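Notes to accompany the following structure.
The values are calculated or read from the model by the stated rules, or taken from the named source; none is laboratory data. If you're wondering where the values come from, they're calculated on a predicted model, not measured in any experiment. In this analysis, Cβ positions are derived from the backbone assuming ideal geometry, glycine residues included, and neighbour counts consider all displayed protein chains.
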Amino acid sequence: MSKQPAYKRILIKLSGEVMAGEGGVGIEPAALEELAEELADLKTLEVEIAVVVGGGNLIRGTQADRYNIDRVTADYVGMLTTIINGLALGDALEKKGVATSVQSAVSVGEFVSPYVRSDTLRDLRVGKVVIFVGGTGNPFFSTDTTAALRALEIGAEIIIKATKVDGVYDADPVTHPGAVKFDTISYAEVLQRRLQVMDATAITLCMEHRLPLVVFDIGAKGAMRRIILGEKKGTLIH
């Protein structure tokens, strides 16, 4: 008998950089293709999937000073970037036979449907992958906060956050070769240590509602599938 998923409804948080691949900017076709393949494979498990995409492959609001533009304007640019990313991901999934629904927190006319919770729940129940774009629709809130908020709104059982490292460390493993990885850690300790996992608003939301979060390396092929099947991958925050 095949192994059954440990979760029925999940939310996957993808950073914009994941879609940019090695280039770090824009959308790399190979990275988009690999991501679509991974998500399409998850649908064979018959789980309900929602995705929040970031916009860091173009700009983050926190980088406003670097570009010499207003922080609110930078956040708006980031929201628009998430819409571009979501449309591209949705199209890549549709080409693989996976029905999708791209829903935006900000109005963009005919391009994307507005986020309506009842529509989201309906789409999840009929097997569509729902892709949330536009952040929360407000400046000063990251897409990490969007992920926590949407996960709670739709009743997701877990958030799976794709990064470029294989979990949470006590220091940046890129600049600190001796950094120690956590297999599991509490939300309170993440806040106390000021670990750069998610912003404090997102962490607090998850902690208050006891919503588990797994941080894993998107480069580890098949990792998302193994997490959904209940295997220990990356770092579990609870």
Just one of 102, 72 is out of contact with any Asp or Glu (no Cβ under 8 Å at 6 or more places or on another chain) and in a strand (DSSP E or B); which is it? 102
Name the pairs: first residue in the range 180-197 and exposed (fewer than 12 other Cβ atoms within 10 Å of the Cβ), second residue part of a strand (DSSP E or B) and at pLDDT 90 or above, Cβ to Cβ under 7 Å, at least 6 apart or on different chains? 180/169; 183/235
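Those residues that are touching a residue at least 60 places away in the same chain (Cβ under 8 Å) and either under 17 Å from residue 99 (Cα atoms) or surrounded by fewer than 24 Cβ atoms within 10 Å (Cβ to Cβ) (or both), I need them from the range 114-137; list them, please.
Taking the range 114-137 as the starting set, the residues that turn out to be touching a residue at least 60 places away in the same chain (Cβ under 8 Å) are 120, 124-125, 127, 129-133, 135.
If the condition is that a residue be touching a residue at least 60 places away in the same chain (Cβ under 8 Å) and either under 17 Å from residue 99 (Cα atoms) or surrounded by fewer than 24 Cβ atoms within 10 Å (Cβ to Cβ) (or both), then 120, 124, 125, 127, 129, 130, 131, 132, 133 are the ones that fit.
How many of the residues making up the range 204-221 are without any contact (Cβ under 8 Å) to a residue 40 or more places away in the chain and either outside any helix (DSSP H, G or I) or of a type in the set (Val, Ile, Thr) (or both)?
Pass one, the range 204-221, residues without any contact (Cβ under 8 Å) to a residue 40 or more places away in the chain: 204, 207-208, 210.
Filter once more, keeping what is either outside any helix (DSSP H, G or I) or of a type in the set (Val, Ile, Thr) (or both): 204, 210.
The number of residues fulfilling the criteria is 2.
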Looking at (1) under 22 Å from residue 157 (Cα atoms); (2) at pLDDT 95 or above; (3) in a helix (DSSP H, G or I); (4) within 14 Å of the chain's Cα centre (by Cα), which is the only condition residue 89 fails? (1)
So residue 217 passes all but one of these: (1) at pLDDT 95 or above; (2) within 20 Å of residue 52 (Cα to Cα). Which condition number does it fail? (1)
Test residue 27 against the criterion of being modelled with pLDDT under 95, over 22 Å from residue 141 (Cα atoms) and part of a loop (DSSP other than H, G, I, E, B), and give yes or no. yes
Residue 177 meets each of (1) part of a loop (DSSP other than H, G, I, E, B); (2) closer than 21 Å to residue 220 by Cα; (3) touching a strand residue (DSSP E or B) at 6+ places or on another chain (Cβ under 7 Å) with one exception, condition (3)
Which residues, counting only those in the range 42-69, are in contact with a Phe, Trp or Tyr (Cβ under 9 Å, 6 or more places away or on another chain) and either among the basic types (Lys, Arg) or farther than 14 Å from residue 12 by Cβ (or both)? 59, 61
